[in-house]
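Here is the structure we will look at, set down as structure tokens.
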Amino acid sequence: MKPYYTQQVFSLKAFLIITILIISNIVFAQKAGMITGRVTDENNLAVELVNVSILGEPGGTSTAADGSYSLQVPAAKQLKIVFSFVGYKTDTAYIKVAAGEKLRVNRTITSTATELGRIVIEDRNIRNTNLIRIDARTVNALPTASSGIEALLKTMPGVVSNNELSSQYSVRGGNYDENLVYVNDIEIYRPFLVRTSQQEGLSFLNSDLVSSVLFSAGGFDAKYGDKLSSVLDIKYKHPTKFAASATASLLGATVHMEGISKDKRFTYLAGARYKTNQYLLNAMETKGSYKPVFVDFQSLLTYTLSDKLELAVLGYISSNKYTLIPESRETKFGTYFTPLRLTMYFEGQEVDRYDSRMGAITLTQKPNKNLQIKWITSVYNSRETESFDVLAEYYIALLDNQPTATDSIEVVETKGVGGFFNHARNQLDMTVINAENRYSYSKGKNYALWGIKYQHEIIADRMNEWQRIDSSAYSIPYNPGTPGQPGNLTDFVLNYHLQTDTNISSNRYTAFAQNTWTLDRDSTQLAFTAGIRFNYWDFNKQFIVSPRVSLSYKPNWEKDMMLRFSAGYYYQPPFYRELRNLQGKINPNLRAQKSIQFVAGNDFNFHSWGRPFKFVTEVYYKYLTELVPYQVDNVRIQYLGINGSKGYAYGIDMKVNGNFVKGVESWASLSYMKTAEDLYNDYYVESYNAAGEVIHNGFTEDITAVSSDTIYPGYIPRPTDQRITFGLFFQDFLPMNPTFKMNIGLYFGTGLPTGAPNTPLYTHTYRLPPYRRVDIGLSKQIIGGEALQPKKGFFGGFKSLWITAEILNLLQVNNTVSYTWVRDVNNNMYGVPNYLTPRQINIKIGAEF
């Protein structure tokens, strides 16, 4: 009876709460009015996702794809309606409506983009393309261990990153090297030698300087470069007045400043960042002295030479240094029936440094109202060094799975004792010089783009790296022999040794052209884009041609839907990392990887609960040839250096975003993806004894075998074959006090394939455990927004001030990023999981001026 009584009480409480909410809504509706309208830009084009709010009141809404909105407002009260969106000047309207009255308020908002005379460089209708817009303002709201634009990307459909310490990501079955990143049409590069996410410093993208973020997970236009997976197109701000900001947390600090001269001809935008993840690393299983210091500075200066000519200079410098003096590690792993413990003790240290510099000059000319010309020159230089000498001694213990009442854990058996010594003195110097000329021409229903680019690359790579493995006084590999011969107990045998001295100087020539035709008739919209790219690299003497097309169609339906389809050839000519194989040798005959892609999508705008939402679905298929097989350890990609396989990738991406809570945007994404490859000439021999049992797997038949079969593995999962991923970014606030806010980031991904080092790729089918993580942030707005705004005194110059407490890895999940492989004297290997960060609390304070 007690459970039934409790259930009845709970049901009664729920009924009363629902009744109160319904009555409250009815009473409010009787005392409220409604405003509706449409928001357009200077060219009378609809502007999507404009925030519409009531100054001093909680809630709000945002515009749909056609610029329309509707908002319930208090009646018989003078109200100030605010219309705001990144890249546009904030507009306001004063209204007063009677109860039950519906008032139409249309607004035209003005772009704050770069102006050349009377011409505005505008963001064209991205809904016709595979690009999606990401609101850069949400970067500071997202709780994460690694801040930045890349942290937002991890919640997007099709994007995979199972590492909260890293800014790297893979898209739709590709790897980290297959993503294009542009800032103001300038291609951005990243370090090559980074092995683990702990070493990774600051990425180039500074979110304080960003005004526009566009992202495509595939099927992008010919104007973008030659890579297989994705493109991230960033535009930095063009200041219209003085502004500044600063943030500080346990993980680092940032500061930025922007402004414009009195004559409106000169603008400046600058930002500096400091990052240290020492606080996070000190909580990990490997104990020691961590000293990560990552700093950078970048600036964008523009000067309007005339009404038709503008000069921009982008500068960047960064220094990322990582020092580790490891001491000990203890990791428990295995199963309930065979619990194991790895204990390690270290000597030595690791010092890594990644320094980068870049300078770019852009000259933009507008000869007439239809034509725009850009000349872009840039120089990127990086010096990366790795230096480590680390001696580790370990033992693996089998533990008692039934501990005593004293909770002491008894060691049942020592499974293995050994050690290893890792040594490296590696240095990579890279310089990339670019010169590019781009044109855009718009007239009537046509919009054409074309351009040419020259790129010169200078790379100097020096490696001296080796490892010695020791188990029970034996060097591994162990080959018993006579004294003085390899394998004798006194001999020093290396597990591997890489020593290279490589210098490459090469030139790339690229060109592209594309045109978009649009047709609007009877509320029906049709857009067709056709383009082609050319690429030639004089190092491997390969010339490639990449045609690409896309079609978008908005039918005259009652529901607001946009149908899209794109297809094309996508090539990725090798860069230096792909050329180098596992032995450090360069393959000058390596060809470009090739992908034929088909993408079909549906973009659906709808209203629910009186608020706007967008649901986007895309299905895709990629046919892959001339692939360069690789393996992944943490964030380090090691290529085989040959065009050794073919493959495929297919899947579906879904995302819904909108005002789940009135006035603030949230989104959720769900993806299913499968990717596999078939290695050329890949086989192994199974040998059987007289009883038909397998006694040997290898490339040759066992001499004691009675019979054998040659096995061809066929298609195997690629290292990025993560079948299901889910991402969520959710914002909420207290309705009675919107200065208190809550933000959640939730991530889930099924396990990735992995395998032991120095083993054939067809054996890399073991899966890492699923990646599961929840981060939550609780913030208080002290100044600005709905909070008080002091007019004078110390805080009088503050535009906003807020403080946030973040709980990172709220559920305390031990996510595995990779495995440390240790051996015993019998050459048996044990995969010991390397866990990511545990639950931590981060405090962050930010201000805008």
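The values are calculated or read from the model by the stated rules, or taken from the named source; none is laboratory data. All figures in this text were calculated on a predicted structure; none of them were measured in a lab. Quick reminder, even Gly has a Cβ in these numbers, built from the backbone with ideal geometry, and neighbours come from all protein chains shown. Areas reflect the complete protein model, heavy atoms only, side chains present, ligands, DNA and RNA absent. Shrake-Rupley method; radii C 1.70, N 1.55, O 1.52, S 1.80 Å.
Could you give the accessible area per residue of the stretch 151-237, probe 1.4 Å, as a whole number in Å²?
Solvent-accessible surface per residue comes out at 17 Å².
Could you tally the net charge around Ser523, taking each other residue with its Cβ under 14 Å from the Cβ of Ser523, Lys/Arg +1 and Asp/Glu -1?
Once all neighbours under 14 Å are counted, the net charge is -2.
Please identify every one of the trypsin sites (Lys or Arg not before Pro) in the stretch 205-293 that sits in a loop by DSSP and has no more than 16 other beta carbons within 10 Å of its own beta carbon.
Lys241, Lys262, Lys264, Arg265
Kindly write out, for the stretch 71-78 in residue order, the coupling ³J(HN,Hα) from the Karplus curve 6.51 cos²θ - 1.76 cosθ + 1.60 (θ = phi - 60°), rounded to whole Hz, with x marking Gly and Pro.
8, 7, 10, x, 8, 6, 8, 6
Expressed as a whole percentage, what fraction of the accessible surface of the chain belongs to carbon and sulfur atoms when a 1.4 Å probe is rolled over the protein heavy atoms?
Roughly 58 percent, rounded to a whole number.
Just subtract the alpha-carbon distance of Tyr454 and Tyr715 from 0.36 nm times their residue separation and send over the number in nm, one decimal.
Between Tyr454 and Tyr715, full extension yields an extra 90.1 nm.
Could you give the length gained by full extension between Lys443 and Lys674, i.e. 0.36 nm per residue of separation minus their alpha carbon distance, to one decimal place?
Taking Lys443 through Lys674 to full extension adds about 78.9 nm, to one decimal.
Each residue of the stretch 629-635 in order: what ³J(HN,Hα) in whole Hz does its phi give by Karplus 6.51 cos²θ - 1.76 cosθ + 1.60, θ = phi - 60°, with x for Gly and Pro?
Coupling constants for the stretch 629-635: x, 8, 10, 10, 10, 6, 10 Hz.
How high is the relative contact order of the chain, given as a whole-number percent (alpha carbon pairs under 8 Å, six or more residues apart)?
Relative contact order, the chain: 10 percent.
So for the pair Ile596, Gln789, with labels modelled 7 Å out along Cα→Cβ, what separation do we get in nm?
That separation, rounded to one decimal, is 5.9 nm.
Assigning unit charges at the beta carbon (Lys, Arg +1; Asp, Glu -1) and nothing else, what dipole magnitude in debye, to the nearest 20, does the chain show about its Cα centre?
That gives the chain a dipole magnitude of about 3820 debye.
Can you work out D for the stretch 253-345 in µm² s⁻¹ from Stokes-Einstein, where Rh is the Kirkwood radius over C-alpha pairs, the temperature is 10 °C and the viscosity is 1.306 mPa s?
90
Per residue, how much accessible surface does the stretch 32-97 expose to a 1.4 Å probe? Answer in Å², no decimals.
On a per-residue basis, the stretch 32-97 sits at 39 Å².
Tell me whether the stretch 611-656 comes out rounded, prolate or oblate; compute the Cα gyration tensor, take square roots of the eigenvalues as a ≥ b ≥ c, and use a/c under 1.5 as the rounded threshold.
Verdict is oblate for the stretch 611-656.
Would you list which lysines come within 23 Å of Lys443, measuring only between C-alpha atoms, while excluding same-chain residues fewer than 8 positions from it?
Leaving aside lysines fewer than 8 places away in the same chain, those within reach of Lys443 are Lys223, Lys308, Lys366, Lys369, Lys374, Lys554.
Which percent of the Cα-Cα distances in the stretch 314-378 go past 20 Å?
67
Which trypsin sites (Lys or Arg not before Pro) in the stretch 80-109 sit in a loop by DSSP (not H, G, I, E or B) and have at most 15 other Cβ atoms within 10 Å of their own Cβ?
Loop-located and lightly packed - Lys89, Lys96.
Counting pairs of alpha carbon atoms under 8 Å apart in space and at least six apart in sequence, what relative contact order in percent does the stretch 725-815 give?
25
What's the FRET efficiency of Ser608 with Lys262 using the Cβ-Cβ distance as r and R₀ = 30 Å, to the nearest 0.05?
0.05
Report the net charge of residues surrounding Leu398, where surrounding means a beta-carbon distance below 11 angstrom and charges are Lys +1, Arg +1, Asp -1, Glu -1.
For residues surrounding Leu398, the net value is -1.
Would you compute, from DSSP H runs of 4+ residues alone, the mean residue ellipticity of the chain at 222 nm, taking -39500 (n - 2.57) per run and dividing by the full residue count, rounded to the nearest 500?
That comes out to -1500 deg cm²/dmol.
Could you give each residue of the stretch 212-226 its phi-based ³J(HN,Hα) in whole Hz, using Karplus coefficients 6.51, -1.76, 1.60 with θ = phi - 60°, and x for Gly or Pro?
9, 10, 10, 9, 10, 8, x, x, 7, 6, 5, 5, 8, x, 9
Could you compute the FRET efficiency for Val412 and Met829, with r as their C-beta to C-beta distance and R0 at 22 Å, rounded to 0.05?
About 0.60, to the nearest 0.05.
At q = 0.05, 0.09, 0.10, 0.11 Å⁻¹, what is the base-10 log of I(q)/I(0) for the chain according to the Debye formula with one equal point scatterer per Cα and no solvent? Please give it to two decimals.
-0.32, -1.00, -1.22, -1.45
What distance in nm separates the simple spin-label points at Glu330 and Glu347, each placed 7 Å from Cα in the Cβ direction?
2.2
With the cut-off at 1.5 for a/c, could you classify the stretch 761-849 from its C-alpha gyration tensor as rounded, prolate or oblate?
prolate
Note the full-extension length gain between Thr338 and Tyr189 as 0.36 nm times their separation in residues minus their Cα-Cα distance, in nm to one decimal.
Gain in length upon complete extension: 49.1 nm.
Roughly what angle does helix 2-30 make with the longest principal axis of the chain, taking Cα atoms, 0 to 90 degrees, to the nearest 10?
Between the helix axis and the principal axis of the chain, the angle is about 40 degrees.
Can you give the local net charge around Tyr380? Use residues other than it whose beta-carbon is closer than 15 angstrom to its beta-carbon, Lys and Arg +1, Asp and Glu -1.
Its environment carries a net charge of -3.
Just by accessible area at a 1.4 angstrom probe, what is the order of Asp522, Asp470 from largest to smallest?
Listed by decreasing accessible area, they come as Asp522, Asp470.
Which whole-number percent is the relative contact order of the stretch 258-406 (Cα, under 8 Å, 6+ apart)?
20
Name the residue farthest towards the positive end of the dipole of the chain from the options Ser356, Asn634, Gln467, assuming +1 on Cβ of Lys and Arg, -1 on Cβ of Asp and Glu, about the Cα centre.
Ser356
What spacing in nm lies between the two simple spin-label points modelled at Val685 and Tyr94, each 7 Å away from Cα in the Cβ direction?
Placing both labels 7 Å beyond Cα along the Cβ direction yields 9.2 nm.
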